[in-house]
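The values are calculated or read from the model by the stated rules, or taken from the named source; none is laboratory data. Keep in mind that this is a model prediction, so the values were computed, not measured. Cβ sites come from the backbone with ideal geometry, for glycine too, and all protein chains shown count toward neighbours.
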Amino acid sequence: MNLPNLITVIRILLTPVLIILLLNASFNKALAVFALAGLSDGLDGFLARYLRQKTTLGAYLDPIADKLLLSATFITLANLELVPSWLTVIIVSRDVIIVLGIAMLFVSGSEVTIRPSIISKITTLLQIMTVFVILSRDLWAVIWQMRDTLVWLTTVFTVLSGLHYIYFGVKIFSRANEK
């Protein structure tokens, strides 16, 4: 296993640590772990490119690590009533739809290239910013005021991103059925 993939695995392992910290109301420590996980996400991608160590495993592992971290965090924050539960349902549903779509394409023998769209990248950024603002509430009260705006932006982009992936998934299936 190369260094970028190892860093991704560490991010996966940070997820339960983050959830335990949230459940214990250790929000400052949770923020530190979330920030570390976020930095590791950027670092593994940078190292994969810089060291020319991009792998198929990494292409699958990285989005799985992101989805696991964000979904588990939003589920926990909703359980703690720090984010609206309906937002969590939208986020998790989108991720399940994406994973099921990729699995269906794979099973059908369609060629699947994992490449996030710009709308998906914006969605992930907004989800990360939302978690950051929620976890920062005790440190920076001024950014807590951004919470509602971020919740709505995250909702809109998560829905748009999900519809975008559904559109392209249907397009790929249609092309496969024409052959």
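Within the range 1-30, the set of residues being polar (S, T, N, Q) and in contact (Cβ under 8 Å) with a residue 24 or more places away in the chain comprises Asn2, Asn5, Thr8, Thr15, Asn28.
Cβ-Cβ contacts under 7 Å between residues 6 or more apart (or on different chains), taken from a first residue in the range 37-48 that is within 21 Å of Thr73 (Cα to Cα) to a second residue that is of a type in the set (Val, Ile, Thr) and surrounded by 19 or more Cβ atoms within 10 Å (Cβ to Cβ), are listed as Gly38/Ile128; Ser40/Ile7; Leu43/Ile7; Asp44/Ile7; Asp44/Thr8.
Could you check the range 134-159 and list, in sequence order, the residues that are among the β-branched types (Val, Ile, Thr) and surrounded by fewer than 20 Cβ atoms within 10 Å (Cβ to Cβ)?
Residues satisfying the conditions are Val142, Ile143, Thr149, Val151, Thr155, Val156, Val159.
Scanning the range 99-123 for residues that are of a type in the set (Gly, Ala, Ser) and in contact with a Ser or Thr (Cβ under 8 Å, 6 or more places away or on another chain) yields Ser117, Ser120.
Part of a helix (DSSP H, G or I), more than 16 Å from the chain's Cα centre (by Cα), at pLDDT 90 or above and not charged (D, E, K, R): does that describe Leu153? No. Inspection of the range 115-129 identifies at least one residue that is of a type in the set (A, V, I, L, M, F, W, C), farther than 30 Å from Asn28 by Cβ and touching a His at 6+ places or on another chain (Cβ under 8 Å).
Of Val92, Val96, Val83, which residue is more than 18 Å from Lys121 (Cβ to Cβ), modelled with pLDDT of 85 or more and crowded, with 19+ Cβ neighbours inside 10 Å?
Numbers: Val92 fails: crowded, with 19+ Cβ neighbours inside 10 Å; Val96 fails: crowded, with 19+ Cβ neighbours inside 10 Å.
One residue alone meets the criteria, Val83.
The set of residues from the range 1-18 being among the hydrophobic types (A, V, I, L, M, F, W, C) and more than 14 Å from Ile134 (Cβ to Cβ) comprises Met1, Leu3, Leu6, Ile7, Val9, Ile10, Ile12, Leu13, Leu14, Val17. Could you please give the count of residues in the range 156-174 that are modelled with pLDDT of 85 or more and touching a helix residue (DSSP H, G or I) at 6+ places or on another chain (Cβ under 7 Å)? Count: 9.
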